[in-house]
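Chemist: Before I ask anything, let me first share the structure, which is written out below as structure tokens.
Only the coordinates and a few stated rules stand behind these numbers; no lab work does. Keep in mind it's a predicted model, so treat the numbers as computed, not measured. Don't worry about glycine lacking a Cβ; one is built from the backbone with ideal geometry, like all the others, and counts go over all protein chains shown.
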Amino acid sequence: MRITQATLEHLDLLTPLFVKYREFYSALPYPDSSRAFLEKRLRRKESVIYLALADDDSNKLLGFCQLYPSFSSLSLKRVWILNDIYVAEDARRQLVADNLMRTAKKMAKESNAVRLRVSTSSNNQVAQKTYESMGFREDTEFKNYILPLGDD
């Protein structure tokens, strides 16, 4: 497999797998909105997306990860948020996620980031084991909260 950074030219290849990722987390598919979302992130350079492609010339997408930049006021350094990672069902158990995360880690180090953050659903044991095997540790220093900002 080869890992490459996504560009606008990859949108048609990436969108269907991004839709499957959204469905995995029980979001409605919205393929057109999903494509527009990805296009905005890439055009505005608001995220970095890595693609895992099959070694053959098929241009088959095995998986992807999307990272968003952030910053730490306490360390005065960049932080990268590994917000999305997904592997196609027929490509699982082929170390696709490991290769994507290794690439993300390399990019984070090269940008002098202080850390890489990731979160997953509390019942996604497979992802948790994968993250831990790559050196991620559960945060015991800070408890995270969310404030939904939906329609009131």
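Chemist: Can you give the net charge of the other residues whose Cβ lies under 12 Å from the Cβ of Asn112, counting K and R as +1 and D and E as -1?
Modeler: Values: positive: Lys77, Arg78, Lys109, Arg115; negative: Glu110.
Net charge around Asn112: +3.
Chemist: What does the charge count around Phe71 come to, taking other residues whose C-beta lies under 9 Å from its C-beta (Lys +1, Arg +1, Asp -1, Glu -1)?
Modeler: Values: positive: Lys77, Arg78; negative: none.
Neighbour charge sum, excluding Phe71 itself: +2.
Chemist: Apply the Karplus curve 6.51 cos²θ - 1.76 cosθ + 1.60, θ = phi - 60°, to the phi angles in segment 135-142 and return the couplings in whole Hz, x for Gly and Pro.
Modeler: x, 5, 10, 5, 6, 10, 7, 10
Chemist: Once amide H atoms are built 1.01 Å from N in the peptide plane, which residues 5 or more positions from Ile81, or in another chain, come under 5 Å H to H?
Modeler: Tyr68, Ser70, Arg117
Chemist: If we count every other residue with Cβ under 14 angstrom of Asn124's Cβ, Lys/Arg +1 and Asp/Glu -1, where does the sum land? List each step's numbers first, then the result.
Modeler: Numbers: positive: Arg92, Lys129; negative: Asp84, Glu132, Glu138.
Once positives and negatives cancel, what remains is -1.
Chemist: Which is the longest run of the chain containing none of the GluC sites (Glu not before Pro) found in DSSP loop states (not H, G, I, E, B) with at most 16 other C-beta atoms within 10 Å? Intermediate results must be reported in sequence, preceding the final value.
Modeler: Working: sites that count: Glu46, Glu138, Glu141.
Here the longest segment lacking exposed loop sites spans 47-137.
Chemist: Say a site is exposed when it is one of the chymotrypsin sites (Phe, Trp or Tyr not before Pro), sits in a DSSP loop, and has at most 13 other Cβ atoms within 10 Å; what is then the longest site-free stretch of the chain? Show your work: numbers first, answer last.
Modeler: On the way: sites that count: Tyr25, Phe142, Tyr145.
It runs 26-141.
Chemist: Have a look at the DSSP beta bridges in the chain and tell me what percent are antiparallel, nearest 5.
Modeler: Values: 20 of 24 bridges.
So the antiparallel bridges amount to about 85 percent of the total.
Chemist: OK, next. What's the magnitude of the charge dipole for the chain around its Cα centre, counting Lys and Arg as +1 and Asp and Glu as -1 at the beta-carbon? Answer in Debye, nearest 20. Don't jump to the answer; show the numbers that get you there.
Modeler: Values: 23 positive and 20 negative charges, 129 e Å.
Approximately 620 debye in magnitude.
Chemist: Please work out, to two decimal places, the log10 of the ratio I(q)/I(0) at q = 0.16, 0.17, 0.22 Å⁻¹ from a Debye calculation in which every Cα of segment 2-133 carries one identical scatterer.
Modeler: So the normalised log intensities work out to -0.83, -0.95, -1.51.
Chemist: Within the chain, what's the longest run with no trypsin sites (Lys or Arg not before Pro) in a DSSP loop and at most 10 other beta-carbon atoms within 10 Å? Give the range, please.
Modeler: Values: sites that count: Arg44, Lys45, Arg93, Arg137, Lys143.
The longest uninterrupted stretch comes out as 46-92.
Chemist: May I ask you to sort Ser26, Ser75 by Cβ crowding, counting other Cβ atoms within 10 Å and putting the fewest first?
Modeler: On the way: Ser26 7, Ser75 11.
In increasing order of surrounding Cβ atoms, one gets Ser26, Ser75.
Chemist: Still on this structure, please answer the following. Calculate one ³J(HN,Hα) per residue across segment 107-117 by plugging θ = phi - 60° into the Karplus curve 6.51 cos²θ - 1.76 cosθ + 1.60, and present them in order as whole Hz with x for glycine and proline.
Modeler: 4, 4, 5, 5, 8, 6, 6, 7, 6, 10, 10
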